[in-house]
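Below: the structure, in structure tokens.
The values are calculated or read from the model by the stated rules, or taken from the named source; none is laboratory data. Just so it is clear, the structure is predicted and the values come from calculations on it, not from any experiment. For neighbour counting, all protein chains shown are included, and Cβ atoms are generated from backbone atoms with ideal geometry for every residue, glycine included. Note: accessible area is taken over every heavy atom of the protein model, side chains too, but ligands, DNA and RNA are not part of it. Shrake-Rupley method; radii C 1.70, N 1.55, O 1.52, S 1.80 Å.
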Amino acid sequence: MNVRTYDGGCHCGRIAFGMTLSQPESDYTPRACDCSFCRKHGAAWLSDANGTLRVRLRGEPLVYRQGSAQAEFIACAHCAVLVLVRHEHDGRTHAAVNVRALDDAEAFAAAQGASPQRLGADERRERWTKLWFADVRVVDADD
Ligand SMILES: [Zn+2]
């Protein structure tokens, strides 16, 4: 078990997260999605279905849905950094983080291309629920 917590967030601090991983960081390859939205952001996604993700929000983030509209991209409404993507399924939140938003993105391998847009909607959902963090908690920092 990798007990380290990896921190990250947007640039101004309104969105902050900490994640734990079940495996050594060398076992992970960030996925550079080739959809037009992710390409324009240079985003690469990291997740672990057996890890944990805690997100702290200060104020309302920017939420953007595109394509099949099943996933929500969360960016900071103030400094515009794209931080995570989430998907609600059966009352559960699944999410992946943008490796570029990590404080220590260098700890991970270079991103490899992924092409989820070629999958059908059901396949995509299945992939997300299998690959993404399933232990996700989002808290409002003002609470
Ligand atoms: Zn920000």
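Quick look at the values:
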| item | result |
| --- | --- |
| Virtual paramagnetic centre 7 Å along Cα→Cβ of D7, amide N under 20 Å, in the range 93-110 | 97-108 |
| Sequence ranges 31-39, 92-100, 116-124, ranked by mean other-Cβ count within 10 angstrom, highest first | 92-100, 31-39, 116-124 |
| Cα-based convex hull volume of the range 78-131 per residue, rounded to whole Å³ | 123 Å³ |
| P(r), alpha carbons of the range 52-113 - 10 Å bins starting at zero, rounded % | 18, 49, 30, 2 |
| Inter-probe distance in nm under a simple model that places probes 7 Å from Cα toward Cβ, at E25 and T52 | 1.9 nm |
| Only Lys, Arg (+1) and Asp, Glu (-1) charged, at Cβ; the chain dipole about Cα centre in debye | 360 debye |
| In order through the range 60-67: 3J(HN,Hα) via Karplus (6.51 cos²θ - 1.76 cosθ + 1.60), integer Hz, x for Gly, Pro | 6, x, 8, 10, 10, 10, 9, x |
| For the range 31-43, 3J(HN,Hα) per residue [Karplus equation, 6.51 cos²θ - 1.76 cosθ + 1.60, θ = phi - 60°, Hz, x = Gly/Pro] | 9, 8, 5, 9, 6, 5, 5, 5, 5, 5, 8, x, 6 |
| Over the chain, equivalent-ellipsoid semi-axes from the Cα gyration tensor in Å | 20, 18, 16 |
| Mean separation of Cα contacts under 8 Å (6+ apart) over length of the chain, as relative contact order % | 32 percent |
| Antiparallel bridge percentage (DSSP; both residues within the range 5-140; nearest 5) | 75 percent |
| Rounded FRET efficiency, nearest 0.05, which uses the C-beta distance separating R137 from S115 and R0 of 35 Å | 0.70 |
| Hz values of 3J(HN,Hα) by residue in the range 89-101 - Karplus curve (6.51, -1.76, 1.60), Gly and Pro given as x | 8, 6, x, 10, 9, 10, 8, 9, 9, 7, 4, 5, 8 |
| Whole-percent carbon and sulfur share, accessible surface of the chain, 1.4 Å | 44 percent |
